[in-house]
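What follows is a single structure, written as structure tokens, with notes after it.
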């Protein structure tokens, strides 16, 4: 019984330690600034952020976890469109009400001229996780007021692009069209502002922790690599950001030269040959001395 309790205690302590390690890898404000400065990080068409490493997911968590902090990052530490796009798209991981607060904050920055242009990809239009969000929630008073603000901004900065886009949203026609299309495809409806679900952020958090755990196991060599086709070999590589990945590279063909490394049977043969040669030389020297 005591051994069982000890094992349970050890298991709990291990889980707590793993949780501490994972939480310790959450991105700090300085880390987020450094992430934005990395020119390899950019939003891809049709508005999807990079999401291949734990660092990418950590940035999404950083932005989505605090809308006020995300606005500070946008105002003071994102001088170009690439950087602002990363923040605006990552904000789509926020719960619905935080997302509306964030967009209102962006409108404040634009209207006060603290931002000189529309901040990059899909500002308010939801190309990543909030697609059709405005259309679906147009009849909620807070969202309706936000739609008016976004429409006014787009009409100033991009007057030739939008036509009847916003009037279709405000009339409810856009919602009917989206609901009809999503229903016919058996796709889920957009997020409800009224419900304010945190499901998206919770899923992001779980995915990030899972990826961190996988990378930790790979770094410690505890993950057995999957079998690879003949002609391939597996190598462990460390990327510039410190993350570890296992990948496949071409192996040399079976008939390729393998260098001078002796095979197990060659070494004894070589030693035996040397001993025999030494014996022959010694015998020859002995006979020569006797002949004198």
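FYI, it's all coordinate maths here, none of it is from the lab. Keep in mind that this is a model prediction, so the values were computed, not measured. So basically every Cβ, Gly included, is an ideal-geometry build from the backbone, and we count neighbours across all protein chains shown.
Counted residue by residue at 0.36 nm each, then reduced by the alpha carbon distance between them, the extension gain from residue 218 to residue 206 reaches 2.5 nm. The alpha carbons of region 165-210 give a radius of gyration and a Dmax of 14.6, 43 Å, in that order. Ordering 133, 59, 29 by the number of other Cβ atoms within 10 Å of each residue's own Cβ, fewest first, gives 29, 133, 59.
Summarising the label geometry, the points placed 7 Å from Cα in the beta-carbon direction at residue 155 and residue 194 lie 2.9 nm from one another.
Taking 7 Å steps out from each Cα toward its Cβ at residue 42 and residue 29 produces label points 2.9 nm apart.
Extents of region 32-99, taken as max minus min of Cα coordinates on every principal axis and listed largest first, are 30, 24, 22 Å. Exposure proxy for 121, 162, 67: other Cβ atoms within 10 Å of each Cβ, ordered fewest to most, give 162, 67, 121. The largest-to-smallest principal axis extents of the Cα set in region 47-154 are 38, 29, 21 Å.
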